[in-house]
Amino acid sequence: MSHPSEKALVPFVSVDNMMKLIHHIGLEDMLKGLATYIEDDFKRWNSFDKTPRVASHSEVGVIELMPTSDGEAYGFKYVNGHPKNTSEGLQTVTAFGLLADVYTGYPVLLTEMTLLTALRTSATSAMVAKHLAPQGADTMAMIGNGAQSEFQTLAMKAICGLKTVRLYDNDPSATRKCAQNLSGLGINIVSCSTPEDAIQGAQILTTCTADKQCATILTDNMVGAGVHINAIGGDCPGKTELAAGILSRSDVFVEFPPQTRIEGEIQQMAEDFPVTEFWKVVTGQAQGRSDARQITLFDSVGFAIEDFSALRYIRDHINGTGYYEDLDMLADPDDPRDLFGMLTRAKT
């Protein structure tokens, strides 16, 4: 049997190889690198095709496709969100992604994105906080200590100089897990028994909970002036974490308004509720933090351009590492009109 041609082969990064790549680069260095790629793509926001993700909802979760293109490369991510999975010993979120050449339509990368999504989400959070958090912010409340919490903390350390994290989860075992995982990584860890305790002295408030419902993780009276809120748990219709009163007192920054108004914290607000697209802050077209007492809020739902940035990063960093394998994914007959002939000859 003949071997597949080079054109038939697509580099594939498995979970095992992704972990090896992360350790090869260094977790904090990779977070900083991803943040740079994401910020660079925010700077050229208008060069991208943009559309809200395509979502298929069920009673137990959501399955989504997130596509975008800059005219030269096309990328998409498949991702699910099933909060009930944790109770069954499964991940709440799983994902994989693909990058393709627009000129030929041929895929050039296939990769796991469960780990990579955790990294790109936290890198995005920290990149935004670098622009919006109060000057000198070094303490974060991490409310929700699930699979994303350690990544968020380390990204804030690597990119924003975070020194202390105050942990809270309604499941104390999750807080113990997070504190143990972060031990020895250069962060001062304070485990808290209430969300009110967690936000004491914190200039950055990160909420990341999984329940698929409208919840009030932070009530209006809990949030004082001079903080940056990084709200990443609300990411589908009917799922929020913040009291509407907090939004009314905040300057709200979003990725892509048509998606965020459906899925984010601002789904609670009127359609004309004012928001600032964050790419405008990066390019200098809009102001970020303007004074020390301001409440800034990043209503983060995750957008396809961030995944595109992560796919670009992986494509650019796997060469020469051996941390991928070539998959025989694309039919490549000698005569492009003779696909049937290729099949027939394979019989012998």
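Quick notes on this one:
- Among the residues of the stretch 227-255, the ones that are modelled with pLDDT under 95 and assigned to a loop (DSSP other than H, G, I, E, B) come to 7 in all.
- Filter result for the condition that a residue is within 30 Å of Y78 (Cα to Cα), modelled with pLDDT of 95 or more and touching a Gly at 6+ places or on another chain (Cβ under 8 Å), over L110, L182: L110
- Strands (runs of 3 or more DSSP E) fully within the stretch 149-208 that include at least 1 residues being without any contact (Cβ under 8 Å) to a residue 40 or more places away in the chain and not hydroxyl-bearing (S, T, Y): 164-168, 188-191.
- Residue selection: K77 satisfies the criterion of being assigned by TED's automatic domain parsing to the domain that holds G97, within 20 Å of P107 (Cα to Cα) and of a type in the set (K, R).
- Identity of the residue in the stretch 305-324, of a type in the set (D, E) and in contact (Cβ under 8 Å) with a residue 12 or more places away in the chain, that ends up nearest to E39 (Cα to Cα): E306
- Residue list for the stretch 124-157, filter: crowded, with 22+ Cβ neighbours inside 10 Å, among the small types (G, A, S) and over 20 Å from D307 (Cβ atoms): A133, A141, G144, S149
- Subset of the stretch 74-115 (residues that are among the β-branched types (V, I, T), within 25 Å of E325 (Cβ to Cβ) and in contact (Cβ under 8 Å) with a residue 24 or more places away in the chain): V79, V93, V102, V108, T111, T114
- Residue list for the stretch 308-343, filter: out of contact with any helix residue (DSSP H, G or I) (no Cβ under 6 Å at 6 or more places or on another chain), surrounded by 15 or more Cβ atoms within 10 Å (Cβ to Cβ) and either among the aromatic types (F, W, Y) or outside the structural domain of L110 (by TED's automatic domain parsing) (or both): F308
- Residue under evaluation D40, criteria (1) farther than 24 Å from D326 by Cβ; (2) in contact (Cβ under 8 Å) with a residue 40 or more places away in the chain; (3) part of a loop (DSSP other than H, G, I, E, B), criterion not met: (3)
- Residue match in the stretch 332-345 (condition: within 24 Å of E112 (Cβ to Cβ) and either assigned to a loop (DSSP other than H, G, I, E, B) or of a type in the set (A, V, I, L, M) (or both)): no
The values are calculated or read from the model by the stated rules, or taken from the named source; none is laboratory data. These figures come from a predicted structure and were not determined experimentally. Here the Cβ is made from the backbone with ideal geometry for all residues, glycine too, and neighbour counts use every protein chain on show.
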